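Below you'll find the structure, written out as structure tokens, and then a few comments.
The values are calculated or read from the model by the stated rules, or taken from the named source; none is laboratory data. Note that the structure is a prediction, hence the values are computed from the model and not measured. When we count neighbours, we look across all protein chains shown, and the Cβ atoms used for this are built from the backbone with ideal geometry, even at glycine. Calculation scope for accessible area: heavy atoms of the full protein, side chains included, ligands and nucleic acids excluded. Shrake-Rupley method; radii C 1.70, N 1.55, O 1.52, S 1.80 Å.
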Amino acid sequence: MLLLALDTATPAVTVALHDGTDAVASSSQVDARRHGELLLPAVDRVLAEAGLRLDAVTGIVVGIGPGPYTGLRVGLMTADTFGLALGVPVHGVCTLDGLAYATDAEGPFVVATDARRKEVYWARYADRRTRLTEPAVDRPADIAEQVAGVPAVGAGALLYPDTFPDARAPEHVSAAALAALAAERLAAGEELPAPRPLYLRRPDAQVPKNYKVVTPK
């Protein structure tokens with residue numbers, strides 16, 4: 001098994017190669033505005049570090065969000081393209097699950113990432129492998145009672161200390177954790193989600209109201 005994992009659902013552009021036991025190479029850069037520019041060079045860098053070619057990959061793992069429309073689709077489209085070109089399966093993993101898997105928090109906790117617009121993408125977990133709720137997007141103040149009394153992981157938690165007073169690392173997801181979780185679930189015979197995006201809301205860029213379509217006469 002050699003999994004190429006990538007995620008662009010958060011400001012981190014993160015890529016890793018995982019052999020089913022350990023990550024053999026990884027790269028992460030935080031830049032919310034350059035996902036498309038940074039992703040393919042990161043893949044090249046990780047392959048070079050491992051001394052491998054792309055055709056050695058036996059599967060693709062991609063973070064499916066939730067995340068902002070523009071960044072998230074970069075990773076998903078790249079994963080689909082690699083899967084088609086190589087003829088290998090493409091597995092989706094919830095980005096929040098990857099963050100949960102990487103934390104050292106024990107017992108119940110919350111994962112929250114920055115959804116912009118003064119909102120967070122979040123879900124509640126029983127432990128680092130078990131999600132209790134479906135991913136959602138809300139204003140922190142609106143979920144304060146639901147997340148009270150438990151640690152919180154992720155950049156969204158760090159942004160809103162009034163709602164998440166016990167915020168912990170990691171801040172952003174890592175492809176190495178995403179790949180490790182996927183490898184563990186695949187080894188257990190679990191079926192991973194299809195590589196389809198969890199947007200949870202409409203994209204920021206929309207056609208203006210009263211827009212008139214001009215057609216040639």
When segment 20-74 is examined, which residues are found to be more than 12 Å from the chain's Cα centre (by Cα), small (Gly, Ala, Ser) and open to solvent by less than 70 Å² (accessible area, probe 1.4 Å)?
GLY20, ALA23, ALA25, SER26, SER27, ALA32, GLY36, ALA42, ALA50, GLY51, ALA56, GLY59
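Table: residues versus (1) surrounded by 15 or more Cβ atoms within 10 Å (Cβ to Cβ); (2) farther than 16 Å from ALA155 by Cα; (3) touching a His at 6+ places or on another chain (Cβ under 6 Å); (4) among the small types (Gly, Ala, Ser).
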{"site": "LEU96", "(1), (2), (3), (4)": "yes, no, no, no"}
{"site": "THR103", "(1), (2), (3), (4)": "yes, no, no, no"}
{"site": "ARG116", "(1), (2), (3), (4)": "no, no, no, no"}
{"site": "GLU119", "(1), (2), (3), (4)": "yes, no, no, no"}
{"site": "ALA126", "(1), (2), (3), (4)": "no, yes, no, yes"}
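Being surrounded by 14 or more Cβ atoms within 10 Å (Cβ to Cβ) and farther than 27 Å from ALA79 by Cβ narrows it down to one of ARG131, ARG139, so name that one.
Every option except ARG139 fails the conditions.
Looking at segment 131-154, which of the residues that are in contact with an Asp or Glu (Cβ under 7 Å, 6 or more places away or on another chain) and outside any strand (DSSP E or B) is farthest from TYR121 (Cα to Cα)?
Ranking the qualifying residues of segment 131-154, first place goes to PRO151.
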ASP162 being open to solvent by 60 Å² or more (accessible area, probe 1.4 Å) and modelled with pLDDT of 95 or more
yes
Checking GLY92, GLY59, GLY51, GLY36 in turn, the sole residue that is more than 30 Å from GLU119 (Cβ to Cβ) and touching a residue at least 24 places away in the same chain (Cβ under 8 Å) turns out to be GLY59
Test of understanding: among VAL88, VAL110, which residue is hydrophobic (A, V, I, L, M, F, W, C), touching a Ser or Thr at 6+ places or on another chain (Cβ under 8 Å) and either open to solvent by less than 30 Å² (accessible area, probe 1.4 Å) or closer than 23 Å to LEU3 by Cβ (or both)?
VAL88
If we keep just the residues of segment 90-104 that are assigned to a loop (DSSP other than H, G, I, E, B) and more than 27 Å from GLU37 (Cβ to Cβ), which is nearest to the chain's Cα centre (by Cα)?
THR103
Sole residue being of a type outside the set (Phe, Trp, Tyr), touching a His at 6+ places or on another chain (Cβ under 7 Å) and part of a helix (DSSP H, G or I), chosen from VAL74, VAL61:
VAL74
Open to solvent by 60 Å² or more (accessible area, probe 1.4 Å), farther than 18 Å from VAL111 by Cα, part of a helix (DSSP H, G or I) and not charged (D, E, K, R) - does that describe any residue in segment 167-190?
yes
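Condition check: assigned to a loop (DSSP other than H, G, I, E, B) and either modelled with pLDDT of 95 or more or touching a Pro at 6+ places or on another chain (Cβ under 9 Å) (or both). Does GLY107 satisfy that?
yes
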